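S.K.: Before we start, here is the structure in question, set down as structure tokens.
Where a number appears in this text, it was derived from the coordinates with a stated rule and is not lab data. Keep in mind it's a predicted model, so treat the numbers as computed, not measured. Using ideal geometry, Cβ is built from the backbone for each residue, glycine included, and neighbour counts are taken over all protein chains shown.
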Amino acid sequence: MKASNYPLFTQKNDPSDAEIASHKLMLKAGLVRQQSSGQYSFLPIGYRVLKKIENIIREEMNAIGSAEILMPSVQPSELWEESGRWETYGLELLRLKDRHQRDYCLGPTFEEVITDLVRKDLNSYKQLPLNMYQISSKFRDEIRPRFGIMRAREFIMKDAYSFHLNQECLDEWYEKYKQAYNNIFDRLKLEYTMVDADSGNIGGSKSNEFHVIADTGEDDLLIDQNGIGVNCEIAKTKYNSDDIEEIIKDNNLIQKKGIEVGHIFKLGDKYSKSMNLYIDNAELNKCNIQMGCYGIGVSRIIAAAIEQNHDDNGIIWPASISPFRIVIIEIEGHKNESVRLFSTELYKKLNAKDIDVILDDRNAKLGNKLNDWELIGVPNIVIIGKSEAENTTVTFKKRGQTDKSSLSIEDLIKIIQD
Ligand code: ATP
Ligand code: MG
């Protein structure tokens, strides 16, 4: 990618309507733009980050044997009437009618649709367990969209669903998803914790949430000395007391703020029962299918990652999800042929090694270019001027650090590949 030919939308001034760092930086660095309340377009830089997060999630879902699918976002009311949620889901469900006056909703979650999908095709217990996931837009008519894509009305979620002949199989797969979630958040290099949680609108017997720790988080978490936590919402039930202060003191808990980035549920037979999903087992006994569902707020992770990783100059991406691994900044390449040649040569070398690189060949001042890339948060910055071109070395700087070093191209490639 060359910056002269790439839509960068960085802004000089702080947006006035952003309350928290991630929202401000996502606008300023040109990751997203608001369309209307709670709805955002992803610009090229933001979309690259989104895709990198999606791919990590994809790899970990595929690794446990969950298969990717895609379901329609407009869902018929009949399915929601069967589960009972057409009545109970409330105002977050955006309802609409087609030209025949039939009722639909914009999918906020997909338990009904996938249960219907499976019941039409499941004809033997031997097909079980079934594990499928999708990464798609969800719509929830949030009463108070805020903090940019953190609490949006339209957002990207990964939702996985599992179907089992019995509880033991569900328990086994629940643990597999839990481990996959740990792998995902480890690879995203985020400080996170898993807690026991309330199952809310989705339902079921047991659920766990994954939270990125941040002062701006909307959830209160209580974590014990062994690192095991609960969402404050269920602490009163778990500890059998109405006084949170007392619960904290008596149980030696630490209180932290969290951003909910994932939520997994043992649904049991909530949907399979109401929607008639049964199968005969080997002994020809009719069995109710046991289900699990497993969500990740893919777009919310971008905001959560920025909350944890930024400074006064901008975002500092973990390498695994940075829009680019490295930027090459030319000093006046448009006026200086040797600079243009040397930086283009390096750009080609990195491309050939599959290193995600952008060459800033814009006709702009070094200071402005540096400000842009520090704001966008690319972890490796290389500067090439006349002396670098002459010595065939580069000036190298890590985002977030002040010291610069002079490196040969070979050493630079080694550093980036580590
Ligand atoms: P919250 O408590 O934040 O409203 P939720 O418990 O209603 O979330 P789930 O139904 O568990 O959300 O959805 C799975 C994941 O989708 C959440 O863990 C979260 O990361 C993400 N998510 C939910 N609502 C939103 C939203 N309005 N904007 C962005 N991401 C969201
Ligand atoms: Mg939740």
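S.K.: Taking the Cα centre of each part, how many Å lie between segment 139-189 and segment 287-347?
M.R.: Distance between centres, Cα-based: 23 Å.
S.K.: At a Förster radius of 45 Å, what calculated FRET efficiency corresponds to the Cβ-Cβ distance of ASN252 and ARG187, to the nearest 0.05?
M.R.: 0.90
S.K.: Please give the length that would be gained between GLU332 and LYS273 if that part of the chain were fully extended, namely 0.36 nm times their separation in residues minus their C-alpha to C-alpha distance (nm, one decimal).
M.R.: The GLU332-LYS273 span can extend by a further 14.4 nm.
S.K.: Report ³J(HN,Hα) in whole Hz for each residue of segment 332-349, in order, from the Karplus equation J = 6.51 cos²θ - 1.76 cosθ + 1.60 where θ = phi - 60°; Gly and Pro get x.
M.R.: 6, x, 5, 9, 10, 5, 5, 5, 4, 5, 5, 5, 5, 5, 4, 4, 5, 4
S.K.: Over its Cα atoms, what ratio of radius of gyration to 2.2 N^0.38 Å does the chain give?
M.R.: Values: Rg = 24.7 Å, N = 418, 2.2 N^0.38 = 21.8 Å.
Taking N as the residue count of the chain, the ratio is 1.13.
S.K.: Taking 0.36 nm per residue of separation and subtracting the Cα-Cα distance, what length does fully extending GLU245 through LYS126 add?
M.R.: 37.7 nm
S.K.: Find the all-direction average of the projected area of the Cα convex hull for segment 15-123, expressing the result in square nanometres with one decimal place.
M.R.: Value for segment 15-123: 10.5 nm².
S.K.: Which of ARG151, ARG144, ARG300, ARG99 has the fewest other C-beta atoms within 10 Å, and how do the rest follow up to the most?
M.R.: ARG99, ARG144, ARG151, ARG300
S.K.: Using the Cα gyration tensor of segment 232-308, with a ≥ b ≥ c the square roots of its eigenvalues, what is the shape: rounded (a/c below 1.5), prolate (a/b larger than b/c) or oblate (neither)? Provide the component values of the computation, followed by the final result.
M.R.: On the way: a/c = 4.11, a/b = 1.65, b/c = 2.49.
Here segment 232-308 falls in the oblate category.
S.K.: Still on this structure, please answer the following. Would you mind classifying segment 322-408 by shape? Square roots of the alpha carbon gyration tensor eigenvalues, ordered a ≥ b ≥ c; an a/c under 1.5 is rounded, otherwise it is prolate if a/b is larger than b/c and oblate if not. Could the numbers behind the result be given before it?
M.R.: On the way: a/c = 1.36, a/b = 1.20, b/c = 1.14.
Rounded, because the longest to shortest axis ratio a/c is under 1.5.
S.K.: In nm, to one decimal, how far is the THR216 label point from the LYS236 one, both placed 7 Å along Cα→Cβ?
M.R.: Going by the 7 Å Cα→Cβ label model, 3.0 nm.
S.K.: Next up: Apply 1/(1 + (r/R0)^6) to the Cβ-Cβ distance of LYS386 and LYS178, taking R0 = 45 Å, and write down the FRET efficiency to the nearest 0.05.
M.R.: Computed FRET efficiency for LYS386 and LYS178: 0.25.
S.K.: Which shape class, rounded, prolate or oblate, goes with segment 1-72 when its Cα gyration tensor gives a ≥ b ≥ c as root eigenvalues, a/c under 1.5 marks rounded, and past that a/b bigger than b/c marks prolate?
M.R.: Numbers: a/c = 2.47, a/b = 1.75, b/c = 1.41.
Judged from the Cα gyration tensor, segment 1-72 comes out prolate (a/c at least 1.5, a/b above b/c).
S.K.: Points 7 angstrom from Cα along the Cβ direction at SER36 and GLU82: gap in nanometres?
M.R.: My value for the distance between the label points is 3.1 nm.
S.K.: Does anyone have the angle between helix 44-64 and the longest principal axis of the chain? Alpha-carbon axes, 0 to 90°, nearest 10?
M.R.: 50
S.K.: Now, a different point. Pop the C-beta distance of SER16 and ASP171 into the FRET formula with R0 = 41 Å and round what comes out to the nearest 0.05.
M.R.: 0.25
S.K.: How much length, in nm to one decimal, is gained on full extension between SER4 and LYS206, taken as 0.36 nm per residue of separation minus their Cα-Cα distance?
M.R.: Between SER4 and LYS206, full extension yields an extra 67.5 nm.
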